[in-house]
Structures are given as structure tokens and as C-alpha cells.
Amino acid sequence: MPHIVVKSYKEFTSPVKSDGYEFLWFAKEFKNAKDTLVAVRFEEHQFLLAIKPKDEHYIIKGDKITRIAPTYILKGALKHFCELADCEILYDNLSSIKPIHVDKAKSFLKEIDYFIEHFPTKKEVWIEIGFGSGRHLLYQAKNNPDIQFIGIEIHKPSIEQLLKQIALQDIHNLLVIDYDARLFLEFVPSNIVGKIFVHFPVPWDKKPHRRVISKKFIQEAERALKPDGVLELRTDSRAYFDYALELFLEREKSKLEVTKNIEPPVSSKYEDRWVRLGKDIYDIRMYALQESPPLELNFDFTFSKISSLERFIKNFDIKPKVFDDYFVHFEKLYMIEDGKFLAEVSFGSFDRPTHLYLILSEGSAQYYPKKPIASQANIKAHKKIEEFLNV
Ligand SMILES: C[S@@+](CC[C@H](N)C(=O)[O-])C[C@H]1O[C@@H](n2cnc3c(N)ncnc32)[C@H](O)[C@@H]1O
């Protein structure tokens, strides 16, 4: 990561603009004034520089929460900041960081924001969860060119491997996301998915709450599937099969198909291993029975009122507040100027927490640098944050 180590720097009057970079304000850690953050705007990007004391020096780098890409933007911000702040530079690594070659394969890898804003809906969608080596997903994508495929994985080497294969095999109907599948389905529009494959999910026998298949997952899958669309679970674990079957049967109405040791059109790496060991392989297919109501993702994360800022600042409590299926954790407080604060906060789901800042002043609060994504856990956490700001 680009950084500069300085012996000293001088705070300058903000806002100030230098070659497209606007340095908007400084925020100092409240009470112990150890770390300082500097707000920067460059074109449509907003982010923070972090200045941290280190031995007798300071290290200046990009703040992790507001991480900015591509790296050249951060390099420019550090360089211009040091010119304005008259830094006495001891060391920097800016020239050793080469511009990153934008790999063609990377264009198939999308962030969650892409799916929230432009979910591909023109073609029928098929989703594979935990694609691993990608053998099954690549086979399906090649054999069904009129279907839009989405592969979800959390294991980075598997994602890299799949991206390479997509480019090598010149596949154009497959998008990939590095995201927890338990949360992804929340953002899939209703009634557009023909198939969801969950093949050989990790059984998590000792931590069942980590299993991909859950009551909520089944509900979201049923909503995303078009009528007669199918969620296909394939597993070598009898315990997982029993657990999932019970959950599927908890639905008031269900159309299920159970098969055992049926050969698939293509065998995955895991499947090969289990078959070699003589294990039984179980499938459950759950069919969606009806049209579902449309997905609503239009939650507006604006705070309507802030009545207790003084009390909130005075009692700033860094203990995480844990609720049923979400949490709120105020982590650090900074002061921008008298009566204006910046609070670092993480919140939302335990599996994929959101990390952001809140800019707080009497009567107003807003997220920085952007609003959270409208997951159900974030919506609940937002309402709780509003409560904390008004007690
Ligand atoms: C046992 S492997 C099976 C891989 C592949 N489906 C196959 O049959 O060869 C399970 C895969 O699911 C992925 N995985 C586990 N939990 C996940 C989650 N919550 N979201 C997305 N992928 C997950 C793992 O990284 C792993 O690659």
C-alpha cells in the first residue's frame, strides 16, 4: 500500500484544492488526539488519508474503511497532501508502486454494488453457490449460452482460477462475485432465477449456523426463483441432507424431489473424491411454486432527527451491541471542529459487517463516504443507530 513516512507535517487551512485534489477537513481522534484523518475529494471519489504516529515519526497512508481504487488516486493524494503540509519526508514507496495492469479476466468479477444497481435481468439467471474449482459452473455456462450465470465464492484462489478459465475459454455469460452466499440472495430480484446450485456445501457439523442452507436462505431462494425454478442441493453428507430436508419440509407448501447416486452431467472435484471413496451422494431439488412479490431495496439511510448528540459524545460507548441477527459497534470518535464529529462504526450482519463513518453535528448525522447497502441487517442496524443518537 502506498505510504509516506514523515518526521513532521503542518496542518493547513482547509478546504483547499491542489491539482484536482480537494482536502476538505481534518479530524483528530477525540480526547487523546493520537490519529488524524484528512478528508479528500478527487473527481467523484471521497476518501480519507490516515496519519498515525509511529515511533518519533508519522506514517501517512490511505484509510482502510474508505479504501480507494485505483492506487494512482491515493498516490496523488499523498503527494499533494505532503506538498501542502510541508512534510519533512523520511521515506516513501510511491515510485515503487507500478500501475496495476487491468486484467481482462477481472472484468467478470463484480462487486455487490454492481448487482444492487444493475442486476442483469434481461436473460434468465442461474446461480452457483460455492463453485470451488468451477468445473460444474464452466460446463453449465458453455452449454447454456442464453442463460446469465452468476458464480458466488468466498475462497479467493478458486475465484482467481475461475476468472482465468472464463477469459481462456472466452465465456461471456458468467459473472463472479466474492461474497457470502448467505447474504447475496437478498439482493437478487424476485422471479428471475431458473436454477440455484448448491453442490457439496461445507457441512459445518460443529457450527451449523455457518451452513449456507438455512430457513432464511430457503425463503430468499424461493423469492428469487421463477415459478418452477429449482434450488438444487447436492451433498455427500447424510447429516446435511437430513438437516436440509427438514428445513424444506418446514415450509407450508413444498414441492421436493429427492434422488440418490444419480450421475450428474459433469462431476465436480469433490464429487470425484467422494465417489472414489464409495460414498453415497444425495440430491434435494426444491421447486418454487408461485410468483413472488417484487424485491424492495429502496431504503433511504437518512437520519430524520438527532436530539442527543452531546450525550452520545459524552457517553461514547465502544462496547459492541449485539442483537439477534445484527450488531452495532461504535469503534472510534474523532473531532472535525467544535460541535462536529466523525464516528467510526461497524454494523449489520456478523458474516459481512459494514464499516463506515458517521459525520455528526447538532441535529444532523450522515454516513461517510457513502450510504450502506440496503441489506436487511443494515436496515435494522441503521434504525438502532438512530435510536442511540436520540436517547
Ligand atoms: C466443499 S467445496 C465444494 C466446491 C464445489 N461446489 C464442488 O462441488 O467441487 C465448498 C465451497 O463452498 C465455498 N463456500 C463456503 N461457504 C460459502 C459461503 N458462505 N458463500 C460462498 N461460498 C462459500 C467454499 O469456499 C468452497 O469452495
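Miscellaneous remarks
- Residues being out of contact with any helix residue (DSSP H, G or I) (no Cβ under 8 Å at 6 or more places or on another chain) and within 15 Å of the ligand (Cβ to nearest atom) - total across region 263-290: 11
- In region 348-367, the residue that is nearest to Met335 (Cα to Cα) out of those that are aliphatic (A, V, I, L, M) and touching a residue at least 60 places away in the same chain (Cβ under 8 Å) is Ala365.
- Subset of region 1-17 that is within 19 Å of Ile73 (Cβ to Cβ) and in contact with a Ser or Thr (Cβ under 9 Å, 6 or more places away or on another chain) - its residue that is modelled with the lowest pLDDT: Met1
- Listed by first and then second residue, the pairs linking a residue in region 171-187 that is farther than 11 Å from Arg352 by Cα and acidic (Asp, Glu) to a residue that is more than 14 Å from the ligand (Cβ to nearest atom) and assigned to a helix (DSSP H, G or I), with Cβ atoms under 8 Å apart and 6 or more places separating them unless they lie on different chains, are Glu186/Gln376.
- Residue pairs meeting the criteria (Cβ under 9 Å; at least 6 apart or on separate chains; first assigned by TED's automatic domain parsing to the domain that holds Lys164 and on the phi > 0 side of the Ramachandran plot, in region 114-132; second within 16 Å of the ligand (Cβ to nearest atom) and among the hydroxyl-bearing types (Ser, Thr, Tyr)): Gly130/Ser158; Gly132/Ser158; Gly132/Ser268; Gly132/Tyr270
- Residue among Leu183, Leu163, Leu175, Leu137 that is in a helix (DSSP H, G or I) and away from the ligand (no atom under 12 Å from the Cβ): Leu163
- Annotation: Phe131 fulfils all but one of (1) of a type in the set (A, V, I, L, M, F, W, C); (2) in contact with a Ser or Thr (Cβ under 9 Å, 6 or more places away or on another chain); (3) assigned to a helix (DSSP H, G or I); the unmet one is (3).
- Checking every residue in region 122-130 against the condition of being of a type in the set (Asp, Glu) and under 27 Å from Glu291 (Cβ atoms) gives at least one match.
- Residue satisfying all of: in region 373-391; over 14 Å from Leu360 (Cα atoms) and not in a helix (DSSP H, G or I); farthest from the chain's Cα centre (by Cα) among these: Val391
- Residue match in region 209-217 (condition: part of a helix (DSSP H, G or I), within 13 Å of the ligand (Cβ to nearest atom) and small (Gly, Ala, Ser)): no
- Against the test of being surrounded by fewer than 11 Cβ atoms within 10 Å (Cβ to Cβ), basic (Lys, Arg) and at pLDDT below 95, the options Lys314, Lys319 yield a single qualifying residue, Lys314.
- The residue that is surrounded by the most Cβ atoms within 10 Å (Cβ to Cβ), among those in region 218-263 that are outside any helix (DSSP H, G or I) and hydroxyl-bearing (Ser, Thr, Tyr), is Thr235.
- Selected residue [away from the ligand (no atom under 16 Å from the Cβ), under 28 Å from the mean Cα position of the chain (by Cα) and touching a residue at least 60 places away in the same chain (Cβ under 8 Å)] from Pro320, Pro293: Pro293
The values are calculated or read from the model by the stated rules, or taken from the named source; none is laboratory data. Remember, it's a predicted structure, so these values are computed and weren't measured experimentally. Glycine gets a Cβ as well: all are built from the backbone with ideal geometry, and neighbour counts include every protein chain shown.
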